[in-house]
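Peer 1: Right, I'll just put the structure down here and ask away after.
The values are calculated or read from the model by the stated rules, or taken from the named source; none is laboratory data. The shown structure was predicted, so the numbers you read here are calculated from the model rather than taken from an experiment. Neighbour counts are summed over all protein chains in view; Cβ atoms, including those assigned to glycine, are modelled from backbone coordinates with ideal geometry.
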Amino acid sequence: MTEPSWEHVDAYFESHLLLPDPVLDACLRASAEAHLPSIQVSPSQGKLLHLLARAIGACRILEVGTLGGYSTIWLARALPEGGRLISLELDPKHAEVARTNIARAGLDARVEIRVGRAIDSLPKLAAQGAGPFDLVFVDADKPSTRAYFEWARRLSRPGALIVVDNVVRKGELANAASTDANVRGMREFVESLASAKGVSATGIQTVGTKGYDGFLLAWVEEGVGQAGASQPAPTKRPAGRRAR
Ligand SMILES: C[S@@+](CC[C@H](N)C(=O)[O-])C[C@H]1O[C@@H](n2cnc3c(N)ncnc32)[C@H](O)[C@@H]1O
């Protein structure tokens with residue numbers, strides 16, 4: 001082997017920690033055959049989403065940005081009997097490929113894909129009383145991330161987890177002079193969290209088959225919108241301990 005690389009380490013983890021998965025392989029194959037861009041999360045990242053959803057016992061999941069349904073399948077597999085996942089996608093062709101992939105995975109009874117601009121779909125979800133969600137995965141057009149996060153909070157229960165992908169952008173996140181709309185969108189989003197109340201967040205840089213990027217993970221301490229929860233809110237931390 002030549003110099004070990006991020007890709008080699010991803011392959012090593014995949015070969016030891018991820019089981020062979022013909023359904024996910026078929027999802028990627030069908031997405032490639034339909035000429036969808038290969039911008040889904042990596043297998044290890046998909047499993048991370050799956051483990052996070054299982055760890056918090058998520059019963060209701062919201063995803064913003066479906067593509068061919070790869071991350072959708074990872075997340076929906078974490079749902080218990082009766083759990084639901086709603087995924088928002090702009091492109092009808094992506095949604096059609098995803099629906100086929102999700103049906104092949106046997107998850108169509110749990111997953112609903114809504115086609116349209118997420119910024120239009122999110123207020124409709126709120127008006128319909130959808131949620132509250134236990135986990136939200138934000139992975140769509142990057143300049144709108146702040147708006148998606150604000151809707152995600154509104155639609156989440158206290159104790160929910162919000163995961164945002166592609167925050168680091170090859171390190172350009174730290175470049176205040178960047179003129180890239182995606183970088184500026186992510187900087188605006190991250191900086192909005194500095195003064196946000198009721199939410200505790202951290203950023204994690206990642207390397208691997210998807211290059212150099214990262215996630216932002218936010219824990220919702222207080223809901224800002226809908227009342228109710230699909231499971232009890234976690235007990236309060238002892239007085240005097242702030243999570244931020
Ligand atoms: C990075 S891909 C999602 C990848 C997917 N989460 C996965 O890991 O398998 C982003 C998706 O967001 C969709 N998208 C872009 N702009 C959008 C918008 N305004 N509203 C909803 N979806 C949008 C794109 O069409 C694309 O399918």
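Peer 1: Inside region 49-63, can you point out the residues that are among the hydrophobic types (A, V, I, L, M, F, W, C) and in contact (Cβ under 8 Å) with a residue 60 or more places away in the chain?
Peer 2: L49, L52, A53, I56, A58, C59, I61, L62
Peer 1: So, in region 135-162, of the ones that are over 17 Å from E222 (Cα atoms) and touching a Phe, Trp or Tyr at 6+ places or on another chain (Cβ under 7 Å), which residue ends up farthest from the ligand (Cβ to nearest atom)?
Peer 2: Top of the filtered list is R146.
Peer 1: Just the residues that are surrounded by fewer than 15 Cβ atoms within 10 Å (Cβ to Cβ) and assigned to a loop (DSSP other than H, G, I, E, B), please, taken from region 6-28.
Peer 2: Within region 6-28, L18, L19, P20 meet the criteria.
Peer 1: Say we look at region 164-190 and pick out the residues that are of a type outside the set (D, E, K, R) and in a loop (DSSP other than H, G, I, E, B); which of these is surrounded by the most Cβ atoms within 10 Å (Cβ to Cβ)?
Peer 2: Among residues in region 164-190 that are of a type outside the set (D, E, K, R) and in a loop (DSSP other than H, G, I, E, B), the one surrounded by the most Cβ atoms within 10 Å (Cβ to Cβ) is V167.
Peer 1: Out of (1) farther than 20 Å from S42 by Cβ; (2) part of a strand (DSSP E or B), the odd one out for L161 is which?
Peer 2: (1)
Peer 1: Further question on the same structure: Could you please let me know if A118 is out of contact with any Phe, Trp or Tyr (no Cβ under 7 Å at 6 or more places or on another chain), modelled with pLDDT of 95 or more and of a type in the set (G, A, S)?
Peer 2: Considered against the rule, which asks whether it is out of contact with any Phe, Trp or Tyr (no Cβ under 7 Å at 6 or more places or on another chain), modelled with pLDDT of 95 or more and of a type in the set (G, A, S), A118 comes out as no.
Peer 1: Can you find even one residue in region 48-64 that is in a loop (DSSP other than H, G, I, E, B) and either among the aromatic types (F, W, Y) or farther than 22 Å from A160 by Cβ (or both)?
Peer 2: Checked region 48-64: no residue is in a loop (DSSP other than H, G, I, E, B) and either among the aromatic types (F, W, Y) or farther than 22 Å from A160 by Cβ (or both).
Peer 1: Kindly provide the set of residues from region 124-134 that are within 23 Å of G69 (Cβ to Cβ) and more than 13 Å from the ligand (Cβ to nearest atom), ordered by number.
Peer 2: Result: Q128, A130, G131, F133, D134.
Peer 1: Now a separate question. Please go through (1) without any contact (Cβ under 8 Å) to a residue 60 or more places away in the chain; (2) within 13 Å of the ligand (Cβ to nearest atom); (3) assigned to a helix (DSSP H, G or I) for S31 and return the number of the only condition it doesn't satisfy.
Peer 2: Of the numbered conditions (1) without any contact (Cβ under 8 Å) to a residue 60 or more places away in the chain; (2) within 13 Å of the ligand (Cβ to nearest atom); (3) assigned to a helix (DSSP H, G or I), the odd one out for S31 is (1).
Peer 1: Name the single residue that is farthest from N182 (Cα to Cα) among those in region 107-123 being within 13 Å of the ligand (Cβ to nearest atom) and of a type in the set (A, V, I, L, M).
Peer 2: Looking at residues that are within 13 Å of the ligand (Cβ to nearest atom) and of a type in the set (A, V, I, L, M), I get V111.
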